[in-house]
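**Q** Handing you this structure, nothing more for now.
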Amino acid sequence: MAKKMSQSNTSSEPLKTADGVSLKVSLNRALRRRKITALLLVTPLFLFILLTFLGPIFDMLLRSVDNKIIVQVLPKTVSQLAVWDASTGELPDEAVFKAFVEDAKIAAENKTISRVGKRLNYEKSGMSSLFRKTGRKLKKFDPDKLEISYTDLVLGYDKKWAKHETWWLIQRESGKYTSSYYYAAVDAQIGVDGVQRKPDDQRIYMKLLKRTMWLSSLITLLTIVLGYPIAYLLATLKTRTSNLLMILVLLPFWTSLLVRTSAWIALLQREGVVNDFLVTLGFIGDDGRLAMIHNQVGTVVAMTHILLPFMILPLFSVMKTISPTYVRAARSMGATSFTAFRRVYFPNTVAGIGAGGILVFILAIGYYITPALVGGTSGTLLSNFIAYHISTSLNWGLAAALGTILLMVVLVLYILYDKIVGIDNMKLG
Amino acid sequence: MPSANDILVRFENVQKSYDGEILVVKDFNLDMERGEFLTMLGPSGSGKTTCLMMLAGFEPATHGEIFLDGQPINRVPPHKRGIGMVFQNYALFPHMTVGENLSFPLEVRGMGKSEREEKVKRALDMVQLGDFANRRPGQLSGGQAQRVAVARSLVFDPEVVLMDEPLGALDKNLREQMQYEIKHIHENLEVTIMYVTHDQSEALTMSNRVAVFDDGVVQQLAPPDELYEQPTNAFVADFIGDNNRLLGTILSADGETCRVKADDGSEIIAKQINIAGVGERATLSLRPERVAVNPEPGQFDNNLQAKALELIYLGDHIRTRMEVCGHDDFIIKIPNSALHAQLSEGDNVNIGWSSNDCRALDPTD
Ligand SMILES: Nc1ncnc2c1ncn2[C@@H]1O[C@H](COP(=O)(O)OP(=O)(O)OP(=O)(O)O)[C@@H](O)[C@H]1O
Ligand SMILES: [Mg+2]
């Protein structure tokens, strides 16, 4: 690092401007005015980002742990359950059942009881129907005509109420915040005797996360391998030729994402252009047509194509700044063209590879449309399941937890990158 | 005359065209002696860099052959030529420290670590940058970067070092200082240097010989004093130093001298250097300091009338623009001393010069 210039300020008297005001004061005044102007200039964008970006992210983080519904709908039950010791293995006492009947009757009339059922159904299937059924019966129930104990009443509604686990679950999820979405997101479950991994056939999200990371890495690697020579050509060719090539690189940006993805379907499908071509040339038989779409191959091919410009552009802008005299200098000093490339040219492009790589990887692990269209079952990514939980299963808590995990992965990568390469070295243009 | 094996670099009828239409270098011939400091001087776009690039191996010659130490090298790739090079923008590798930059050429030659370190140290000491080995090029001033570039081009003991306007980016004081440093390095190491510049004073102070380049052709190749005193064509006379040009037609030529009729009718006797023949046009070249004001009768064989148009006071001399033979851009330098005439603008005076100092050269119009 350059040595800091030592600033000499030897005068003991504070400096004054011509009209006698202290120099520091008038400098600060001028600086403050400039700061306010700067602040005003960034305010609109800051508000926009706050509302449309930071806000939703914060909301997502909240949703992934939010668990208010049970306390809200069953407040008395929750406070009675707090004193119940689940480890005895016995059902809660009459007071809990009484509180539950009171809470649930109000909830049934307000139609909120099914929401509790839905919430608990994420933890154990069958809960939704249990609460709906109980709610229906409680609506008709008149507390003045009660002849048996509350316990017997509730146990009579459904034999699931006689299960210790049901009450244990309500007690577990009675807090305002829960970690159960995160456990679900990492394929674990909380049983009475602690946290366990789910049985093998139910572990999906970790497998998906692994697949997402692996496919994203592969796609990033492919974009580097394919993009590097193109960027090199673009940066070294004559301006006219390289402008033409650049248009070809940018062309995909001007075409709709859906069109590009469907084009790959037309090319790669069983009766598609590539298969037809191979059959015509006799490389494969008509019955041996290759499955290149609706699987991982499809995802990798289409996404590599779509993300390629995001690799080429940062690489190009970095390579453009590398003077050709570096390589010439290396050659004149006795390096073969390969050595000159490896020792001189390539190290100067690492910043571009890093910038492009991190950009492509981050875009890839969150990519959604393309794997949904061409990925089939083996080529879908975590983002597709997030979308599924948001729009189909409506388990927003789990979707938020999965999203948060993806976000963490990106942050960890970012920090690693900063540690290894240094974020200051990242050049996007 | 140098014997044939003293010739280190030889260009033989070299031509170069980038686009197949224009010859950037036309019939370039040059013999460079071992240990020589040869400068290529010429206006921008005259093909100087192109010649260096052909010698270094980065541009193929379109025609002709280049010899290094007697061997034709047209087919030798750049890294096998063993030619050091200093680029105009220095081309120091930004991702390596100064020390690594210098050790790079030694590494690719497979030299051992201790030997490398010793050579790097010696090269840095030579340019007075012994303490800078761990700096990055980005942390150097222009002059320091320049010195590192020079040290790097010399560290692997090349026989020839090419320098393409290495001082172009420096300010005037630093440039003059670096000129001396490079000159001293050349003398101490006895290395052969081919230097490119378009600054003529740089060329004249540093070089053993200067090749004046124009239009893809070497106009004259000579030691600096010869280039100034005895230009062989009008371009060189004009390009090097102050020069007065008079145009005229040759009336007669006999042996050494010729008589030329200037365009306004006056007759001038000049030394015959490079003329086509009687009746043809010619350019007369005359250095301003060789013209005398109010000479003694009979002192010179050329005596003319002139009118002072403009006087510029320059301390040690007064630069005077005059109208002579119909040209109003005739410059003379009058030394600022009591012995010399004091002129004022509009004065009509006699001027004179020796036919020995007036060279009849090829016509320019
Ligand atoms: N790579 C190239 N492709 C096409 N033309 C070129 C190339 N390099 C140089 N030229 C042309 O060749 C001519 C000579 O160029 P060159 O660089 O040798 O000039 P130079 O004497 O070094 O000039 P300067 O003093 O400005 O550096 C110029 O007209 C230039 O436009
Ligand atoms: Mg040049």
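**Q** Would you mind computing Rg(Cα) / (2.2 N^0.38 Å) for the range A:34-80, counting N as its residues? Walk me through the numbers on the way to the answer.
**A** Working: Rg = 19.2 Å, N = 47, 2.2 N^0.38 = 9.5 Å.
Against the empirical 2.2 N^0.38 Å value, I get 2.02 for the range A:34-80.
**Q** Is the shape of the range A:205-425 best called rounded, prolate or oblate, per the rule: a/c under 1.5 gives rounded, else a/b larger than b/c gives prolate, else oblate, with a ≥ b ≥ c the square roots of the Cα gyration tensor eigenvalues?
**A** On the way: a/c = 2.31, a/b = 1.34, b/c = 1.73.
Oblate, because a/c is 1.5 or more while a/b does not exceed b/c.
**Q** Per residue and in cubic angstrom, what volume does the convex hull of the Cα atoms of the range B:4-234 have? Can you show the working numbers first?
**A** Working: hull volume 30.5 nm³, N = 231.
Output value, Cα hull per residue: 132 Å³.
**Q** Also, I was wondering about something else. Just the number please: accessible area per residue for chain A, 1.4 Å probe, all protein chains included, in Å².
**A** Working: 24800 Å² over 429 residues.
It amounts to 58 Å² per residue over chain A.
**Q** If you don't mind, there's one more thing I want to ask. Using the crude model of +1 on Lys and Arg Cβ and -1 on Asp and Glu Cβ, and no other charge, please compute the dipole size for the range B:227-362 relative to its Cα centre, in debye to 20. Intermediate results must be reported in sequence, preceding the final value.
**A** Working: 12 positive and 21 negative charges, 23 e Å.
Charge dipole of the range B:227-362: 120 debye, to the nearest 20.
**Q** While we're looking at this one, here's another question. Given a Förster radius of 35 Å and the C-beta distance between residue B:294 and residue B:173 as r, what FRET efficiency does 1/(1 + (r/R0)^6) yield to the nearest 0.05? Please list the in-between numbers first.
**A** Numbers: r = 40 Å, r/R0 = 1.14.
Plugging the Cβ-Cβ distance into 1/(1 + (r/R0)^6) gives 0.30.
**Q** Given 0.36 nm per residue, what is the gain on full extension from residue B:342 to residue B:201 after removing their alpha carbon distance, in nm? Intermediate results must be reported in sequence, preceding the final value.
**A** Details: separation 141, 0.36 × 141 = 50.76 nm, distance 3.03 nm.
Difference between extended and current length: 47.7 nm.
**Q** Count neighbours as other Cβ atoms within 10 Å of each site's Cβ, and list the GluC sites (Glu not before Pro) in the range B:254-327 that are DSSP loop with at most 13 such neighbours. It would help to have the intermediate numbers written out before the result.
**A** Working: sites: B:256, B:267, B:280, B:289, B:310, B:323; in loops: B:256, B:280.
Within the range B:254-327, the qualifying GluC sites (Glu not before Pro) (loop, at most 13 other Cβ atoms within 10 Å) are B:256, B:280.
**Q** Could you report the buried accessible area between B and A, both sides summed, computed with a 1.4 Å probe and given in Å² to the nearest 100?
**A** 1900
**Q** Could you please state how large a percent of the accessible area of chain B is carbon and sulfur, counting protein chains only and using a 1.4 Å probe?
**A** Numbers: 7550 of 16690 Å².
Within chain B, the accessible surface is 45 percent carbon and sulfur.
**Q** Note down the magnitude of the dipole of the range B:4-234 about its Cα centre, charges +1 on Lys and Arg C-beta and -1 on Asp and Glu C-beta and zero elsewhere, to the nearest 20 debye.
**A** Details: 22 positive and 34 negative charges, 191 e Å.
Charge dipole, the range B:4-234, about its Cα centre: 920 debye, nearest 20.
**Q** Further question: Where does chain A land on the Kirkwood hydrodynamic radius, alpha-carbon pairs, in angstrom? Walk me through the intermediate numbers first.
**A** On the way: mean 1/r = 0.0360 Å⁻¹.
About 27.7 Å for chain A.
**Q** Given the options B:272, B:353, B:332, identify the residue whose Cα lies farthest towards the positive end of the charge dipole of the range B:244-361 (+1 on Cβ of Lys, Arg; -1 on Cβ of Asp, Glu).
**A** Highest projection toward the positive end goes to B:272.
**Q** When the dipole is taken about the Cα centre of the range B:238-277, and only Lys, Arg (+1) and Asp, Glu (-1) are charged at their Cβ, what size is it in debye, to the nearest 20? List each step's numbers first, then the result.
**A** Working: 4 positive and 7 negative charges, 17 e Å.
Roughly 80 debye, rounded to the nearest 20.
**Q** With no solvent and one equal point scatterer placed on each C-alpha of the range A:69-176, evaluate the Debye formula and give log10 I(q)/I(0) for q = 0.12, 0.13, 0.23 Å⁻¹, two decimals.
**A** -0.34, -0.41, -1.47
**Q** Let me ask you something else. Can you quote the Å³ per residue value for the convex hull of the Cα atoms in the range A:301-404, rounded to an integer?
**A** Values: hull volume 12.0 nm³, N = 104.
Dividing the Cα hull volume of the range A:301-404 by its residues yields 115 Å³.
**Q** On a 1.4 Å probe surface of the protein chains, which of A:48, B:28 comes out largest in accessible area, and what is the full order? Can you show the working numbers first?
**A** Numbers: A:48 125, B:28 0 Å².
So, going from the largest accessible area down, we get A:48, B:28.
**Q** Please compute the modelled spin-label separation between residue A:210 and residue A:39, points set 7 Å along Cα→Cβ, answer in nm with one decimal.
**A** Distance between label points: 5.2 nm.
**Q** Rolling a 1.4 angstrom probe over the protein chains, ignoring ligands and nucleic acids, what is the accessible area of residue A:294 in square angstrom, nearest 10?
**A** 100
**Q** Report the rotationally averaged projected area of the protein assembly as shown based on its alpha-carbon convex hull, in square nanometres.
**A** Values: hull surface 249.0 nm².
The orientation-averaged projected area of the Cα hull of the protein assembly as shown comes to 62.3 nm².
**Q** Using a Gaussian network model of chain A with C-alpha springs under 10 Å, which one of A:108, A:302, A:185 is most mobile by mean-square fluctuation?
**A** Among A:108, A:302, A:185, the largest mean-square fluctuation in the Gaussian network model of chain A belongs to A:108.
**Q** How compact and how long is the range B:84-137, expressed as Rg and Dmax of its alpha-carbon atoms in Å?
**A** In Å, with Rg to one decimal and Dmax whole: 10.9, 31.
**Q** Only sites in a loop by DSSP and with at most 10 other Cβ atoms within 10 Å count here; which trypsin sites (Lys or Arg not before Pro) in the range A:174-245 make the cut?
**A** Working: sites: A:176, A:197, A:203, A:207, A:210, A:211, A:238, A:240; in loops: A:176, A:203, A:238.
Those that pass, being in a loop and sparsely packed, are A:238.
**Q** List the relative contact order of chain B as a percent without decimals, with contacts defined as Cα pairs under 8 Å and 6+ residues apart.
**A** On the way: 753 pairs, mean separation 54.0, N = 365.
Averaging sequence separation for qualifying contacts and normalising by length gives 15 percent for chain B.
**Q** Starting from the 7 Å offset along Cα-to-Cβ, what nm value, one decimal, do you get for the label separation of residue A:85 and residue A:408?
**A** Between residue A:85 and residue A:408, the simple spin-label model gives 3.4 nm.
**Q** Give the carbon-plus-sulfur fraction of the accessible surface of chain A in %, rounded to a whole number; probe 1.4 Å, heavy atoms of protein chains only. Don't skip to the answer; put the middle values down first.
**A** Details: 15910 of 24800 Å².
C and S fraction of accessible area: 64 percent.
**Q** Provide a list, ordered by number, of residues in the range A:310-339 showing at least 30 Å² less accessible area with every protein chain present than when their chain is taken on its own, using a 1.4 Å probe.
**A** A:325, A:326, A:328, A:329, A:331, A:332, A:333, A:334
**Q** Could you work out the relative contact order of the range B:244-361? I mean the mean sequence separation of Cα pairs under 8 Å and 6+ apart, divided by the number of residues, in percent. Spell out each step's value before the answer.
**A** Working: 285 pairs, mean separation 38.1, N = 118.
So the answer I get is 32 percent.
**Q** Any chance you could run the full-extension gain for residue B:321 through residue B:208? It's 0.36 nm times the residue separation minus the Cα-Cα distance, nm to one decimal.
**A** 37.3 nm
**Q** Let me ask another. Report the full-extension gain for the segment residue A:162 to residue A:321: residue separation times 0.36 nm, less the Cα-Cα distance, to one decimal in nm. List each step's numbers first, then the result.
**A** Details: separation 159, 0.36 × 159 = 57.24 nm, distance 7.40 nm.
Net length gain for the segment: 49.8 nm.
**Q** Now for a separate question. Measure off 7 Å from each Cα along the Cα-to-Cβ vector at residue A:245 and residue A:18, then give the distance between these two points in nanometres to one decimal.
**A** My value for the distance between the label points is 5.9 nm.
**Q** Given the alpha-carbon gyration tensor of the range A:105-252, what are the semi-axes of its equivalent ellipsoid in whole angstrom, ordered largest first, with each equal to the square root of 5 times an eigenvalue? Can you show the working numbers first?
**A** Details: eigenvalues 712, 73, 21 Å².
Three semi-axes, in Å: 60, 19, 10.
**Q** What accessible area, in Å² to the nearest ten, does a 1.4 Å probe give for residue B:120?
**A** 10
The values are calculated or read from the model by the stated rules, or taken from the named source; none is laboratory data. What you see is a predicted model; the values in this text were computed from it and never measured. FYI the Cβ positions are ideal-geometry reconstructions off the backbone, even for glycines, and counts take in every protein chain you see. When the accessible area is computed, the model is the full protein with side chains, heavy atoms only, and any ligands, DNA or RNA have been set aside. Shrake-Rupley method; radii C 1.70, N 1.55, O 1.52, S 1.80 Å.
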